[in-house]
Amino acid sequence: MAVAPVSDTPLSLTVPALVLSDAFLEYRAEFEAHDEPQFWHPRRDEVFSAYVERLGRVSRGEEPGFVRVSTFWFLRGASLVGESRIRHELPPALAEAGHIGFAVRPTARGAGVGTRILQMTLEQATLLGHSSLLLTCDSDNLASRKVITKNGCHFLERVLSAETGKELDRYSIRLQRRAG
Ligand SMILES: CC(C)(COP(=O)(O)OP(=O)(O)OC[C@H]1O[C@@H](n2cnc3c(N)ncnc32)[C@H](O)[C@@H]1OP(=O)(O)O)[C@@H](O)C(=O)NCCC(=O)NCCS
């Protein structure tokens, strides 16, 4: 499916829902076609309804072995163009992952979607009561670094990932609830 320029149709944010089955399966197929399997997408043997239920349990902190994570999907018209997630806690094992993850489908990149998705996700984090977040990305992921800094995150340091051995950039941001 051709994805229209971001300026044509505003992005809308939604939580994972069963009615988005067709949109999600088409979205996921594009990542697979580009050889970019996403850790958070359904397991091979997992049907869509079970996946949505699992994300719901994770968002309520009811999935054993997982910290609470809120997942958001972003639609342009009927097309799913990206996703993000907020980890509500960062135990040491997840410190390298940071509080927020985001991805844009390959054919929608380079048109401002990633920047807008992170902006909308930070708004959700504020509404969820977060006041300060840690974000990370591979140092060689220039697009991600730009998305993060364009959203007002402050560079903290470049470290060597204990998990991948690659350089990792760490950022922080303070969130402020708007008055009124
Ligand atoms: C990172 C990602 C979300 C960016 O999404 P996007 O929709 O392309 O982002 P934007 O269009 O808002 O672009 C933001 C900036 O990055 C630049 N950019 C986009 N793709 C780029 C690329 N491949 N190389 C270098 N710069 C790139 C854009 O030109 C823009 O810079 P500008 O503001 O100076 O013009 C997307 O590439 C993606 O999903 N990657 C795979 C998953 C991932 O890496 N997630 C982040 C994990 S921390």
Inset, instruction - Just need log10 I(q)/I(0) for the range 1-141 at q = 0.10, 0.11, 0.18 Å⁻¹, Debye formula, equal scatterers on the alpha-carbon atoms, no solvent, rounded to two decimals. - result: -0.33, -0.40, -1.15
Inset, instruction - Taking H placed 1.01 Å from N in the peptide plane, check which residues at least 5 places from Leu90 or on another chain put their amide H under 5 Å from its amide H. - result: none
Inset, instruction - For Ser161, list long-range residues whose amide hydrogen, built 1.01 Å from N in the peptide plane, is under 5 Å from its own amide hydrogen. - result: Lys166, Glu167, Leu168
Legend entry - From phi via Karplus (6.51, -1.76, 1.60), per-residue ³J(HN,Hα) for the range 125-130 in Hz, x at Gly/Pro: 4, 4, 4, 7, x, 6
Inset, instruction - Beta carbons within 10 angstrom, averaged per residue: use that to sort the peptides 106-118, 123-135, highest first. - result: 106-118, 123-135
Legend entry - Net +/- balance of residues flanking Pro106 in space, Cβ distance below 15 Å, scoring K and R +1, D and E -1: -2
Inset, instruction - Based on the mean of other Cβ atoms within 10 Å per residue, sort peptides 29-36, 79-86 so the most packed one is first. - result: 79-86, 29-36
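Give me the net charge of Arg158's neighbourhood, meaning all other residues with Cβ under 15 Å from the Cβ of Arg158; Lys, Arg count +1, Asp, Glu -1.
Numbers: positive: Arg145, Lys166, Arg170; negative: Glu96, Asp138, Asp140, Glu157, Glu167, Asp169.
Surrounding charge for Arg158 is -3.
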Inset, instruction - Evaluate the charge dipole of the chain about its Cα centre and quote only its size in Debye, nearest 20, assuming +1 on the Cβ of each Lys and Arg and -1 on the Cβ of each Asp and Glu. - result: 700 debye
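Bear in mind that the values in this text are calculations on the coordinates, not laboratory data. In this text, all values refer to a predicted model and were calculated from it rather than measured experimentally. Cβ atoms come from the backbone with ideal geometry, glycine included; neighbour counts cover every protein chain shown.
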